1. So for the range 2-126, taking the charge dipole from beta-carbon charges (+1 Lys/Arg, -1 Asp/Glu), which of ASN60, GLN14, PHE109 sits furthest toward the positive end?
2. In straight Cα distance, which aspartates and glutamates are under 19 Å from LYS179, not counting same-chain residues fewer than 8 positions off?
3. Give the value in nm², to one decimal: projected area of the alpha carbon convex hull of the chain, averaged over all directions.
4. Helix 8-18 against the longest principal axis of the chain: what's the angle in degrees, Cα atoms only, rounded to the nearest 10?
5. Translational diffusion coefficient of the range 166-303 at 20 °C, 1.002 mPa s, Stokes-Einstein with Kirkwood Rh over Cα pairs, in µm²/s as a whole number.
6. Test of understanding: in a Gaussian network model of the chain with alpha carbons linked when under 10 Å, which of PRO329, PRO114, PRO257 would top the mean-square fluctuation ranking?
Amino acid sequence: MIETIEHKEEWVEQLAKIGNTDFYFTYDYHHLSKSEDEQPILLKYTQGNQSILLPLLLRNISGTEYNDAISVYGYAGLLTNDKSTNLNITEFQKSLKAYFVEKNIVSVFSRLHPFMDAQEDLLEGLGEITEQGMVVYLDLTLPIDVQRANFNRRLKTYLNKARKVCTVIEGNHNEDLKKFIELYHENMRRVDATDSYFFDEEYFDRIMASKDYTPQLMICKDNETQKTIGGAIFIKKDNIVQYHLSGLDADFFDLNPIKLIIDEMRLKSVEEGYTYLNLGGGRGGSNEDSLFRFKSGFSKEFKNFKLWKYIVNHTVYDKLTTDHLSKFPGANTNDMSFFPLYRAKISKFSKEIKV
């Protein structure tokens, strides 16, 4: 009942049958995001004319015959071509669990997509779904003036000021991309980001070259000096525009070039007929940090961002966790929300290190 899809042609074909998806589900993004020890797979379940897709990264648990699976960074989870109640969810879940057991998969972790409404219904009772915060989005179907009316007052002031001295244009994939990478890395160093956020040049080249979606690099230039002072990569697929990565020159922080770039992309996306511009959430799912406050200045439209955690084999999961934690005598597991716990990185102070 469960089919494993690994080849691009079929992967692309199956997504096309769903209709509105997002770039996080694509073949190219999975192969761009995977680590050396991870294998991108697209699981397909069929019941009559209905189908369900679940993209995952499959990985071996070192030193064992077992595997586990995770989603790519971003918003993924399940897709279905039919959101009606005709689907026998019990049979779907039974088939999915049987597949995991057959493949020696101990646990499955997936970030769920806040705009795909059927995901929770399909997964209800299979593992647990937890809330991780909210994402901020703009409804691009609203009239332009209504969208702007939802901006907070301070944001409007910043945008008016920036428009007098800055210009936003679409960047090219050569010189502009190289400058953007510099600004992005500068940003990551400024916020003391972990190594996993320092993508290399190949990552940016590949994400901009993909045909699975429409990537756009938008840059902001200072009118007087023509210096690039900020940039952001947006990725468009079907009816969604995703705000993916950004960076700015710290010397021009007061001009808020990223805010101007987002607003220009908003206007551009409305003209092109997109439905949503998703800005994402705060750091670590927080609804209180500066990043979330920055994004929520654009909109009061929020959606819950949730995680799916499923332990397929409790016996093996517990054994792996016990063996892992035994390497850290006296570790306090009460504060360890990392999943799966047997992969948690633990310091000598017994606190989880988020990676």
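1. Farthest along the dipole direction, towards plus: PHE109.
2. Within reach: GLU170, ASP200, GLU201, GLU202, ASP205, ASP222, GLU224, ASP249, ASP251.
3. Details: hull surface 76.2 nm².
Quarter of the Cα hull surface area: 19.1 nm².
4. Between the helix axis and the principal axis of the chain, the angle is about 80 degrees.
5. 138 µm²/s
6. Of PRO329, PRO114, PRO257, the most mobile in the Gaussian network model is PRO329.
The numbers here are math on the coordinates, done by the rules we state, and not lab data. Remember, predicted model here, so these are calculated numbers, not experimental data. Cβ sites come from the backbone with ideal geometry, for glycine too, and all protein chains shown count toward neighbours.
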